[in-house]
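Here is the structure we will look at.
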């Protein structure tokens with residue numbers, strides 16, 4: 001979740017019986033109808049009970065997963081297609097089958113300009129995403 005404060009916030013706040021853990025705290029100078037002032041914007045997660053590292057990490061991961069850029073992402077068919085794509089990308093990727101030396105040779109031979117670097121990075125990103133989604 002996102003928050004904003006007119007004063008520098010603490011890292012932990014108690015609210016409604018939960019502990020809010022604030023992170024990504026940044027200060028900004030804004031000018032509005034109240035004049036020029038400094039505000040702090042931050043992300044936060046709410047933790048029930050005792051705050052532990054594991055609970056905070058899990059809450060942050062869940063918050064990241066809940067961020068929706070597109071409403072189509074919540075349609076079950078779309079989610080299933082994404083999952084299938086990720087599995088296929090991992091299974092079909094020739095990168096996953098290479099040794100470190102073969103990967104170096106492949107990059108030296110095939111990544112020769114900005115366009116080929118972009119293509120390779122897109123492919124690599126899809127493989128990494130597939131690995132991450134597979135481990136969820």
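Read the figures in this text as sums done on the coordinates, not as results from a lab. This structure is a prediction, so every number in the text was calculated from the model and none was measured. FYI the Cβ positions are ideal-geometry reconstructions off the backbone, even for glycines, and counts take in every protein chain you see.
Taking all Cα pairs closer than 8 Å and separated by 6 or more residues, the relative contact order of region 2-66 comes to 33 percent.
Which order results if 37, 126 are arranged by neighbouring Cβ count within 10 Å, fewest first? Please report the intermediate quantities before stating the final value.
Working: 37 11, 126 17.
Lowest count first: 37, 126.
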